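The block underneath contains the structure these notes are about, expressed in C-alpha cells.
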Amino acid sequence: MNRLSPVFLLVPLLIFSGCGGDKDAPLDPMVDKGIGPIKKVTLGPIDDAMAAKGKEVFELKCTACHKVEKRFIGPSPRGVVDRRTPEWIMNMILNPDVMVKENANARQLLMEYSAPMANQNLTEEDARAVLEYFRTLK
C-alpha cells in the first residue's frame, strides 16, 4: 500500500490557507493607524490653545472641501475621532496620496466621495492641532 508523504498533505492546506484573507479589506477603523509618519498619538484632556490653532488651520486649509456641519466634497470632521484612530487622522492629513493608494479605509472614502484628499503640506504640529480641533467637534 502506498503511503502519502506528509508534504503532499500539507501543500493543499498551505494553498487554501492563503486564500482566505483579503489584504485590501478595510481594517477595523478604530485599530487602523494608517500609513505615514505618525505611529503613536497620546491624547490627554483637550488643549484649548492647540484646538484654537487647529481651527485656524482647518479654516484656512480645509474648508474648501470639508464643512463641519455637513457632508461636502469630503466628509465632515464632526465625530471623526469616534470613527478613526488619532494616528489615522493625522496620517490622512499629512500623507493623503499614500493613504489613498495603500490604506483600504482611505480608498473606501475615496470611492464614497469620488475626490482624493489634497495634500496641504501641513507640518506634524499643524496636523496635531487640527486633530485637537476635531476633538472639540462633538
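The values are calculated or read from the model by the stated rules, or taken from the named source; none is laboratory data. Note that the structure is a prediction, hence the values are computed from the model and not measured. Methodologically, a virtual Cβ is constructed for each residue, glycine included, from the backbone with ideal geometry; neighbour enumeration extends over all protein chains shown. Ligands, DNA and RNA are stripped out before the accessible areas are found, and what is left, the full protein with its side chains, is counted by its heavy atoms. Shrake-Rupley method; radii C 1.70, N 1.55, O 1.52, S 1.80 Å.
Here ALA129 does not qualify as assigned to a loop (DSSP other than H, G, I, E, B), touching a Gly at 6+ places or on another chain (Cβ under 7 Å) and not basic (Lys, Arg). Note on segment 117-126: among residues that are more than 18 Å from SER76 (Cβ to Cβ) and not in a helix (DSSP H, G or I), the one that is most open to solvent (accessible area, probe 1.4 Å) is ASN121. The number of residues in segment 67-88 being open to solvent by 20 Å² or more (accessible area, probe 1.4 Å), outside any helix (DSSP H, G or I) and either of a type in the set (D, E, K, R) or closer than 17 Å to ASP126 by Cα (or both) comes to 6.
Of all the numbered requirements in (1) loosely packed, with under 13 Cβ neighbours inside 10 Å; (2) farther than 17 Å from LYS53 by Cβ; (3) not charged (D, E, K, R), ASN91 misses one, and that requirement is (1). For segment 99-116, the set of residues classified as within 12 Å of the chain's Cα centre (by Cα) and open to solvent by 50 Å² or more (accessible area, probe 1.4 Å) consists of LYS101, GLU102, ARG107, GLN108, LEU110, listed by residue number.
Screening segment 31-58 for residues that are acidic (Asp, Glu) and within 22 Å of PRO75 (Cα to Cα) and picking the one that is most open to solvent (accessible area, probe 1.4 Å) gives GLU56. Apart from one condition, ALA64 fits all of (1) in a helix (DSSP H, G or I); (2) surrounded by fewer than 19 Cβ atoms within 10 Å (Cβ to Cβ); (3) among the hydrophobic types (A, V, I, L, M, F, W, C); the exception is (1). The listed residues are ALA106, ALA127, ALA115, and the only one of them that is modelled with pLDDT under 95 and under 25 Å from PRO26 (Cα atoms) turns out to be ALA115.
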